[in-house]
1. Would you please name the residue that is modelled with the lowest pLDDT, looking only at residues in the range 42-64 that are surrounded by 10 or more Cβ atoms within 10 Å (Cβ to Cβ) and of a type in the set (A, V, I, L, M, F, W, C)?
2. Name every residue in the range 70-79 that is out of contact with any helix residue (DSSP H, G or I) (no Cβ under 7 Å at 6 or more places or on another chain) and either surrounded by 13 or more Cβ atoms within 10 Å (Cβ to Cβ) or among the small types (Gly, Ala, Ser) (or both), in order of residue number.
3. Go through the range 80-119 and count every residue that is surrounded by fewer than 10 Cβ atoms within 10 Å (Cβ to Cβ) and closer than 23 Å to PHE36 by Cβ.
4. Count, please, the residues in the range 55-77 that happen to be closer than 17 Å to LEU103 by Cβ and more than 15 Å from the chain's Cα centre (by Cα).
Amino acid sequence: MAKSAKQVTGKAPTDDTQDKKKSKKKSSSMCMGMMFRSAIKRISREVSPDNNIMLTNNSIQVLCAIAYDFVDTVAELGGEMARKVGKQTVGSDDIISAFEIILKGELRKLAIREVHTALAKSQVKPRGK
């Protein structure tokens, strides 16, 4: 008996055209911490509406790195607090506690007020159509 060209391995047959259609992944700048780029540009426009402040690419990269590091630190600390209590999800109280630990003085008060405002906005659900 002659063996067939394709051997049955117990898996679904693959289509050769699928392999050719796969596109290359685009290198994302998100992993480099540039995910805050649009927020930083929006804030700079709010601060200076007449465009007196111009941000270079390098300055935006530095500000993005600072924002990414801060958010990462808050997330790690919030996760650690949730783990200590025995929870598997990080709640708003854990994030607020992380802000209280990291920040000092007036900045702490402002950040906690903003977190409470964001929570109030997210908990208000729009009425059905």
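1. Among residues in the range 42-64 that are surrounded by 10 or more Cβ atoms within 10 Å (Cβ to Cβ) and of a type in the set (A, V, I, L, M, F, W, C), the one modelled with the lowest pLDDT is ILE53.
2. PHE70, VAL71, ALA75, GLY79
3. Here the count works out to 2.
4. Number of matching residues: 1.
The values are calculated or read from the model by the stated rules, or taken from the named source; none is laboratory data. In this text, all values refer to a predicted model and were calculated from it rather than measured experimentally. For neighbour counting, all protein chains shown are included, and Cβ atoms are generated from backbone atoms with ideal geometry for every residue, glycine included.
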